[in-house]
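Got a structure here, written out as structure tokens. Questions coming.
The values are calculated or read from the model by the stated rules, or taken from the named source; none is laboratory data. Since this is a predicted model, take the numbers as computed values, not measurements. Glycine gets a Cβ as well: all are built from the backbone with ideal geometry, and neighbour counts include every protein chain shown. Quick note on the areas: whole protein, heavy atoms, side chains included, nothing else; ligands and nucleic acids left out. Shrake-Rupley method; radii C 1.70, N 1.55, O 1.52, S 1.80 Å.
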Amino acid sequence: LDRAMGPKRRKKSSEKLRRGRRPSEGLAFVARDASGTVAGTVRLWDVVLGEGGKAALLLGPLAVDPALKNAGIGSALMRQAVTEAERLGHAAILLVGDAPYY
Ligand SMILES: CC(C)(COP(=O)(O)OP(=O)(O)OC[C@H]1O[C@@H](n2cnc3c(N)ncnc32)[C@H](O)[C@@H]1OP(=O)(O)O)[C@@H](O)C(=O)NCCC(=O)NCCS
């Protein structure tokens with residue numbers, strides 16, 4: 001994460017929401033290369049929309065080792081996370097960011 005996003009990543013507003021918590025059960029993923037080294041990661045977090053509102057998942061961080069960029073790892077991680085969230089019965093995933101980028 002530090003290599004992909006830099007040291008300022010801990011100051012992001014979505015990072016503050018995640019601090020001191022664990023990702024949603026079954027929704028933290030890593031991609032590994034053939035030797036087992038971590039190549040990328042994505043996690044989803046349980047959140048509630050407003051006070052006493054509906055449950056949803058917050059996305060992030062999604063990151064891939066810069067040395068392995070543009071090989072489809074980020075897309076694969078994202079697809080796996082969305083598929084698994086749906087299978088577990090989650091209805092929505094939120095993200096803080098640019099919709100077209102995601
Ligand atoms: C963004 C990131 C996760 C993409 O991972 P990746 O493994 O290189 O992504 P993929 O190879 O699966 O490419 C997915 C698509 O995103 C596009 N893409 C990748 N980096 C991009 C960027 N910086 N800006 C715009 N588009 C980008 C690719 O061109 C590709 O598009 P296509 O499917 O139409 O060809 C990775 O570059 C990264 O870790 N970046 C730094 C952290 C970050 O910004 N994370 C997202 C916010 S939490």
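Just need a number here: residues in region 1-55 that are over 24 Å from Arg79 (Cβ atoms) and open to solvent by less than 40 Å² (accessible area, probe 1.4 Å).
Qualifying residue count, region 1-55: 2.
Output the residue which, of all residues in region 56-102 that are charged (D, E, K, R), free of Cβ contacts under 8 Å to residues at least 24 places away in the same chain and assigned to a helix (DSSP H, G or I), is nearest to Ala39 (Cα to Cα).
Arg79
A further question follows. Of all residues in region 50-78, count the ones that are within 10 Å of the ligand (Cβ to nearest atom) and of a type in the set (A, V, I, L, M, F, W, C).
Residues meeting the conditions: 10.
Same structure again: crowded, with 19+ Cβ neighbours inside 10 Å and of a type outside the set (Ser, Thr, Tyr), is that true of Leu68?
It is false that Leu68 is crowded, with 19+ Cβ neighbours inside 10 Å and of a type outside the set (Ser, Thr, Tyr).
For region 92-101, does any single residue satisfy the condition of being under 15 Å from Ala31 (Cα atoms), open to solvent by less than 60 Å² (accessible area, probe 1.4 Å) and touching a Leu at 6+ places or on another chain (Cβ under 8 Å)?
No: zero hits.
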